[in-house]
Amino acid sequence: MSTTGNARILDRGYRKFDGERLGVGSAIRSTAWHTTRSIFGLGRKARHKIFPMAILGITYLIVVIQLAIVFFFGSNDAGFLTEDSWAMVAPAIVMILFAALVAPDAIVRDQKDGMYSLYMSTPLTKPTYLAAKTLSVAGSILLITFGPALLYLLGKTIKGLGPDGIGAWFETFGRLLLACLLVSLFLCAFGLAFSCFTNRRAIASIVVLLAYVGTNIPSWILYEETNIGKNILLINPIETAYEFGARLCNAESIVNEYSAISTSMVTLGFFAWLIATCSIITFIYRNREAI
Amino acid sequence: MSSIPALQAIKLTHNVLLKQLITKGRLIGIIIVGLLPILLGWVIGRQSDDPLEAGVGFVSYMGLSILVPIVALIFASASLGDTREDGTLVYLWLRPISRLSVSIGAWAASVTIALPLTVIPMTISAILLDAGNTVIVGTVLTSILAVLAYSSLFVLLGLIVKNPVLWGIAYIFIWEAIVASFAKPAAALAISGYSRAIITKRTNVDFDYLFDPSQGVSALMLIIITIAGIAFSSARLNRLEVP
Amino acid sequence: MELITVNELSMQFGQHRALDSVDFTVHSGVTGLVGANGAGKTTFMSIALGLRAPTIGSIKVLGLEPVVDGAKLRSLVSYGPERNILPDEMPAVDFVKHLAEVRGIPRKEAKTRASDILWLVGLGEERFRPIGTMSTGQRQRVKLAQAIAADPQLVFLDEPTDGLDPLARDEVLTLIRQISEEYGIHVMISSHLLEEVEQICDNIVILNAGKLVAAGQLDKLTGESTGLEIELVTVDEHPNSIEDVERALQQAGLIVQREPESAILRIPEGAPELLPDLVRDAVADAGARLKRLEHRRRNLEDIILDVPS
Amino acid sequence: MAPKPPPPIHMIDVSGASKTFGNVVAVSDVSFTLDAGVTALLGPNGAGKSTLFRMLCGLTTPTVGTVKVLGRDARKDTPVRGKIGLSPQQDALFDRLTAQQFVEIAAKTHGVANSLESTKHALTLVDLETVTNKPVGSFSKGMRQRVKLAAALVNDPQILILDEPLSGLDPVQRNRMIELFHSLGSQGKCVLISSHILDEVARIGSQVLVIAQGRLAASGDYRDLRTLMEDQPHAIQIRTNQPRRLGAALLEREIIDGINIEEETLNITTSHIDTFGRSIAPIAKELNVSLNEVVPMDDDLESVFRYLIKGK
């Protein structure tokens, strides 16, 4: 601060911020990125990385091995690269495990460690906060839905086994992307809805898993032991979402029994579940105290 | 003002912990879960071709392997586990009452709440299965014994680990459900091994289990597990670092 | 400058009235929001941050209406919560940086500011440590740091010294004073401890069970003398010196209060102007040892105890 | 030869007690005895206050040494637990009970003969008689604090161990509770209280135990402790109309060591507090200088505490 001819002492104290403040968009982006880092355990101890990274690794490994066999050993006829790309989306049990891991990490942690109150004291509001969390969770899930499927599609294309013509290719690609997006959003909503009741992460994970088990087992018992019929399978949300994705991609059903259900029923089931889970989230957060 | 009579101490502990255990959230959640077997029992009873076999399978898999242990876990692990976690244990611990009374009181509180929440839906479901009285009686009997044993085990679990619900769920789904179905020694160390044996023996439905104790041995084992669990809980209370 | 104006503000939760037609204005500097737990302090802060709409009445913070312009307001003000829970696994610098970003500071700028601010609050060396490994005092500093990192105009700090021991408390209070004086950020702290509010605040707002007890500049509300206190120590050579002083002052026509056996003499307010000299001479003549000669000043506790509950 | 009388049993007797958690030393070789009266336990955060309290109540065992309450070990001896009243640090209560039920359970588990009456009495002592039928879960921090206190008092214990009992109370309640502690102390009970707020402690009583870094740093009357800090010169602030003249005179007579003048305020330090106290009034009279105020700056509890903790 004080200056003479050849000496000066500078004030290293507090600096005012004169630049322009960024808006809510930037706040959402920062929060989503921060949450995603936390989900994958980046910047945290190694043990937090194991589960998410393992699931991520396994889903990609399956596709990478198939592609490697085809490309390095040239075994086009070995039955590889003949499936629809949709089939490469990770199986339901893996997805639900991932959702049960990721969704509580994204929102329950904030309740427990006070971040939710702090976020509410920033330009974020409840809707923008949830938007940031959805961006992060659905985005993370998209990594293990769309990622492997896209790799597989590219592999097929390079080997000339993909859709014929640019138009058809882009249609396939577009359908795949849309299906993955919607299914990821669905899983995100499902995970968030069943983990927002509690502020204990372990409990939240369990509730998400139980919500899955509690719909999955009865749907199969009812389907197999009774004469109600195939539509009862739609009470299983995750398989319904997968079937909806398959219909969007014009792909084969991953679980055979679902193929007999009409597309309109599948669509109805999908959106009924989506709306129900979103309503739960809205209801819980509307009544949640910010401070 | 010396020591309090044991029965009085058990009653007091039971009353306090019972009040703490009954929360609106838990009750609603469990009742919803309890409606599920009722609904399923009804549907299976009306729609199944062989209600006896479907019914016994349903009671032993859905009821004895999932509903009973989970309900018992939620209440029993919280009974003393929560008090240790939040520090209210000191209000029972630093009193002139014996540790055994506290463990028995906690177990009794868990049973008081878990019993109706499991046995009632299971019984209704067994009635709706429409598969005869043996199934109903067998269901009631085994459910009660299983609730007693699981509650005792999970009271202890709540005093040992920090996240009892997580460990308990892992135990229920991995050990009781999967390992015990494949390995005979494991089944001999699982509550479901005995509880499932009682209902299948009573109804003469043969599921080809690896582990096949008689009804008497099974009932006795469940009671021994109950007593051992309480005894270990009280020993654990004695050595505990109370927050 | 009027930072906050509150007009007939009431907040009703079911049967419970958390704030009951409260009226006051907050000016620049450090303002203390005082009251017991449950007096309505946190409720007030949540209304001021736009997180709750008041049942009746109006409030303006920095000229904005919190309910209408909440998001905009919250980019200009910050908040340090009461609960002493923070993300334990996160290094302090990441925590401060992230919240600065969410409050609108560009990423690169947020990074340097986070580090600078942590140095300013005395956590420079510790800034890469996970918050969970820090002591209560250090965690309170982290809370302060995140609140000022985005250069707000006003910060709300809810019980910033809760759970601190006397030494750590003093350090945090000094920091808060510094934030106001040197960094030019206005501060509103809530506290249930009158002593600490008296120590650092320019203005105060006292709430009791949702009602306003007093509001205004601290030195106008307190400080007025309510009498003189003389504390003496018995000396071996003059065993009766305390009685001598007492008698001399009484002979000068003063009212002297003294508890039996006590070494403290009290002269209530309304004493004559020459009082100091009278006391000095009485002590000198009696050969007493003077330990303390002090005016008893009206403090916040007097204000609160004066109000009939 | 007459038999040697047995050593007296102190109400609290801690002897060479240490407690370690792994590598962390919480309490290290602490010894003291306490009898009837009110004692305040002071120390910075993490100094080991709560661990010490937990050892006294038997909630945890000392790694080395012994901790006896009324001559017994509360961890092993069931009846002695009925003579201890503890108000623990944690805020948690059985939230679903009403204040009445909570305190009554405490009374009954203590085997108090007419529990209903004792409960009523205890709740009245802490000024909660109007809200006995509300669940404690809905209480504010100050009310919860007082429920804990009532539960600790209900069995009329010989030993009262109160961990931060005044936090969350408003000034009126604080004064009432401090009065209550004093009356309990004079009834012959041993009341041990920890607090962070030194102004509170100074009112609780002058008997203090100070622990720092797990060790006992001082015990006794804090006003006596100040005189033991001989290497610490006293700082005194004098308000006078002629600070320079008075200061010069004090310096010249070698009564004071240091001096600092700001307008009408004279700040001095002295190592001769006795001489200073005796001569300040006569000197001022001799010079005809007014003495408006003479305020010792560092003989309050805070300065004693600061000295003991930091050594300065």
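The values are calculated or read from the model by the stated rules, or taken from the named source; none is laboratory data. Please read these numbers as outputs of a predicted model, since none were measured by experiment. Glycine gets a Cβ as well: all are built from the backbone with ideal geometry, and neighbour counts include every protein chain shown.
Annotations
- Residues that are modelled with pLDDT under 80 and not polar (S, T, N, Q) were ranked within region A:76-90; the one that is nearest to A:SER253 (Cα to Cα) is A:GLU83.
- Of all residues in region B:78-94, those being more than 16 Å from D:ARG75 (Cβ to Cβ) and facing another protein chain (nearest Cβ under 10 Å) number 7.
- Taking the listed residues D:SER15, D:SER28, the one that is away from chain B (no Cβ under 14 Å), modelled with pLDDT of 90 or more, under 28 Å from D:ILE197 (Cβ atoms) and not in a helix (DSSP H, G or I) is D:SER28, with no other qualifying.
- Filtered by the rule that a residue be facing chain D (nearest Cβ under 7 Å) and at pLDDT 85 or above, region C:280-309 gives C:ARG280, C:ASP281, C:VAL283, C:ALA284, C:ARG289, C:LEU290, C:LYS291, C:ARG292, C:LEU293, C:GLU294, C:HIS295.
For (1) crowded, with 19+ Cβ neighbours inside 10 Å; (2) under 22 Å from A:ALA103 (Cα atoms); (3) small (Gly, Ala, Ser), each residue gets a yes or a no:
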position: A:GLY5; (1), (2), (3): no, no, yes
position: A:LEU10; (1), (2), (3): no, no, no
position: A:GLY13; (1), (2), (3): no, no, yes
position: A:ILE39; (1), (2), (3): yes, yes, no
position: A:ILE69; (1), (2), (3): no, no, no
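- Within the set A:ALA246, A:ALA193, A:ALA202, A:ALA251, the sole residue that is part of a helix (DSSP H, G or I), farther than 23 Å from B:LEU166 by Cα and of a type in the set (A, V, I, L, M, F, W, C) turns out to be A:ALA246.
- Among all positions in region A:157-179, there is no residue which is within 14 Å of chain B (Cβ to nearest Cβ) and touching a Lys or Arg at 6+ places or on another chain (Cβ under 7 Å).
- Of the residues making up region C:10-29, at least one is assigned to a strand (DSSP E or B), among the aromatic types (Phe, Trp, Tyr) and in contact (Cβ under 8 Å) with a residue 40 or more places away in the chain.
- Residue within region A:224-238 that is within 30 Å of A:MET115 (Cβ to Cβ) and either of a type in the set (Phe, Trp, Tyr) or more than 14 Å from chain B (Cβ to nearest Cβ) (or both) present: yes
- Scope region D:73-95; condition assigned to a loop (DSSP other than H, G, I, E, B), at the interface with chain B (Cβ under 7 Å from one of its Cβ atoms) and either without any contact (Cβ under 8 Å) to a residue 12 or more places away in the chain or over 18 Å from D:LEU169 (Cβ atoms) (or both); matching residues: D:THR78, D:GLN90, D:ALA92, D:PHE94
- Some residue of region B:103-112 being of a type outside the set (Lys, Arg) and either free of Cβ contacts under 8 Å to residues at least 40 places away in the same chain or under 20 Å from D:PRO88 (Cα atoms) (or both): no
- Selection status of D:VAL27, touching a Lys or Arg at 6+ places or on another chain (Cβ under 7 Å), on the phi < 0 side of the Ramachandran plot, assigned by TED's automatic domain parsing to the domain that holds D:LEU149 and among the hydrophobic types (A, V, I, L, M, F, W, C): yes
- Residues located in region C:62-102, provided they are basic (Lys, Arg) and more than 7 Å from chain A (Cβ to nearest Cβ): C:LYS72, C:LYS97
- All told, A:ALA106 meets the bar of being under 30 Å from C:LEU86 (Cβ atoms) and either surrounded by fewer than 23 Cβ atoms within 10 Å (Cβ to Cβ) or not β-branched (Val, Ile, Thr) (or both).
- B:PHE75 vs. criteria crowded, with 21+ Cβ neighbours inside 10 Å and within 12 Å of chain A (Cβ to nearest Cβ): no
- Residue satisfying all of: in region D:82-123; over 23 Å from the mean Cα position of the chain (by Cα) and charged (D, E, K, R); surrounded by the fewest Cβ atoms within 10 Å (Cβ to Cβ) among these: D:GLU117
- Matching residues, region A:38-76, being facing another protein chain (nearest Cβ under 9 Å), assigned to a helix (DSSP H, G or I) and not hydroxyl-bearing (Ser, Thr, Tyr): A:HIS48
- From the options B:PHE154, B:PHE232, B:PHE182, residue that is over 17 Å from the mean Cα position of the chain (by Cα) and in contact (Cβ under 8 Å) with a residue 24 or more places away in the chain: B:PHE182
- Annotation note: Cβ proximity below 7 Å between a residue of region D:119-144 that is away from chain C (no Cβ under 14 Å) and a residue that is surrounded by fewer than 16 Cβ atoms within 10 Å (Cβ to Cβ) and not hydroxyl-bearing (Ser, Thr, Tyr) (sequence gap 6+ or interchain) occurs for D:LEU123/D:GLU129.
- Screening B:SER60, B:SER48 for residues that are buried (at least 21 other Cβ atoms within 10 Å of the Cβ), more than 10 Å from chain A (Cβ to nearest Cβ) and of a type in the set (S, T, N, Q) leaves exactly one candidate, B:SER60.
- Hits in region A:171-207 (condition: closer than 20 Å to A:ALA132 by Cβ and among the charged types (D, E, K, R)): A:ARG201
- Scanning region B:167-179 for residues that are within 16 Å of the chain's Cα centre (by Cα) and without any contact (Cβ under 8 Å) to a residue 24 or more places away in the chain yields B:TRP167, B:ALA170, B:TYR171, B:PHE173, B:TRP175.
- Qualifying residue in region A:62-75 (condition: over 18 Å from the mean Cα position of the chain (by Cα), of a type outside the set (A, V, I, L, M), under 16 Å from C:MET90 (Cβ atoms) and at pLDDT 80 or above): no
- Filtered by the rule that a residue be within 12 Å of chain A (Cβ to nearest Cβ), of a type in the set (Gly, Ala, Ser) and farther than 28 Å from C:LEU3 by Cβ, region C:103-155 gives C:SER115, C:GLY124, C:GLY132.
- Failed item, numbered, when D:PHE181 is tested on (1) at pLDDT 90 or above; (2) within 13 Å of D:ALA99 (Cβ to Cβ); (3) of a type in the set (Phe, Trp, Tyr): (2)
- Index of the failed condition, D:ARG176 passing every other in (1) more than 17 Å from the chain's Cα centre (by Cα); (2) basic (Lys, Arg); (3) more than 21 Å from C:ASP165 (Cβ to Cβ): (1)
- Index of the failed condition, D:HIS234 passing every other in (1) in contact with an Asp or Glu (Cβ under 8 Å, 6 or more places away or on another chain); (2) more than 30 Å from D:ILE280 (Cβ to Cβ); (3) of a type outside the set (Val, Ile, Thr): (2)
- Some residue of region C:144-163 being in contact with a helix residue (DSSP H, G or I) (Cβ under 9 Å, 6 or more places away or on another chain), surrounded by fewer than 18 Cβ atoms within 10 Å (Cβ to Cβ), part of a helix (DSSP H, G or I) and not hydrophobic (A, V, I, L, M, F, W, C): no
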